[in-house]
1. Sorted by mean Cβ packing within 10 Å, highest first, what order do the peptides 169-181, 55-67 take?
2. Using a 10 angstrom cutoff on alpha carbons, build the Gaussian network for the chain and name the most mobile of Asn99, Asn16, Asn146.
3. Once you have a ≥ b ≥ c as the square roots of the Cα gyration tensor eigenvalues for segment 94-221, tell me rounded if a/c is under 1.5, and otherwise prolate or oblate according to whether a/b is larger than b/c.
4. Under a point-charge model restricted to the Cβ atoms of Lys and Arg (+1) and Asp and Glu (-1), what is the dipole moment magnitude of segment 1-126 relative to its Cα centre, in debye to the nearest 20?
5. Looking at the square roots a ≥ b ≥ c of the eigenvalues of the Cα gyration tensor of segment 143-199, which shape do they give, rounded for a/c under 1.5, prolate if a/b is larger than b/c, or oblate?
6. Say R0 is 41 Å: what FRET efficiency, to the nearest 0.05, do Asp62 and Glu120 get from their beta-carbon distance?
7. What whole-number distance in Å separates the alpha-carbon centres of segment 10-25 and segment 156-191?
8. Calculate the FRET efficiency for Lys77 and Thr159 from the Cβ-Cβ distance with a Förster distance of 35 Å, rounded to the nearest 0.05.
Amino acid sequence: MAINTKTYQDLIAALNGKATLVAVSKTKPAADILELYAMGQRDFGENYVQELVAKQASLPQDIRWHFIGHLQSNKVKQIAAFVYLIHGVDSLKLLQEINKQAKKLNKVVDVLLQVHIAKEETKFGLDEKELDAIFTGELNAGALQNISIKGLMGMASMTGDRAAIAKEFSYLKALYDKYATTAGPLRFLSMGMSGDYTIATEHGSNMVRIGSLLFGERSKE
Ligand SMILES: *Cc1c(COP(=O)(O)O)cnc(C)c1O
């Protein structure tokens with residue numbers, strides 16, 4: 001058994017229906033995914049387009065696939081037909097490309113905008129000014145009919161300082177509330193990973209993305 005059944009059950013109990021669990025299965029084999037699937041898990045997250053496409057084709061069709069990595073515009077068309085939610089949208093250009101591919105398929109693709117909340121410059125994401133521009137500008141203009149912005153996603157700094165992480169998550173929650181009021185309705189606030197999901201749920205997260213806690217450490221990243 002690669003998956004620890006008790007860890008999974010404890011996690012589901014701890015989330016207590018308040019947050020959706022996205023099981024982050026990147027780099028992990030299909031057999032591990034099927035073990036969680038057999039326990040009832042349906043939401044899975046992947047970071048790499050190639051890997052996601054291969055897994056989607058070979059695994060049960062009722063899995064809800066979340067794309068949580070940094071998505072390149074030229075790869076959108078490979079996942080647009082089946083992806084359940086794209087978490088990491090961090091530019092208007094990418095929004096426009098998703099819209100274009102969704103339009104070709106005559107469907108609406110659900111997305112989350114990624115916000116830069118961490119101290120590290122290397123992390124991706126929009127700032128508040130860019131969010132304002134997207135929520136008030138392009139969308140009101142009716143230009144993007146084939147995407148639906150369902151909420152926000154963010155990653156906190158890699159630090160053991162829990163107060164600092166809490167501050168970053170609180171900031172993201174405040175932004176979520178702001179846009180839910182002015183541009184809403186929004187549904188998902190995707191924040192929290194294996195190391196910080198308890199802080200995230202204490203600060204308003206309703207969707208956590210958890211990998212290593214469930215599947216064990218990853219050998220490559
Ligand atoms: C890998 C990854 C996760 C899961 O990380 P763990 O620390 O293994 O839980 C969550 N979100 C994103 C965006 C990731 O890339």
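1. Details: 169-181: 17.7, 55-67: 16.1.
By packing density, highest mean first, the sequence is 169-181, 55-67.
2. Asn16
3. Taking the square roots of the gyration eigenvalues as a ≥ b ≥ c, segment 94-221 is prolate.
4. So the magnitude is around 400 debye.
5. prolate
6. Working: r = 36 Å, r/R0 = 0.89.
Computed FRET efficiency for Asp62 and Glu120 comes out at 0.65.
7. 18 Å
8. Numbers: r = 37 Å, r/R0 = 1.06.
After rounding to 0.05, the efficiency reads 0.40.
Any read-out appearing in this document is the output of simple, stated calculations on the displayed coordinates, not a laboratory observation. Keep in mind it's a predicted model, so treat the numbers as computed, not measured. We place every Cβ from the backbone using ideal geometry, glycine too, and count neighbours over all the protein chains shown.
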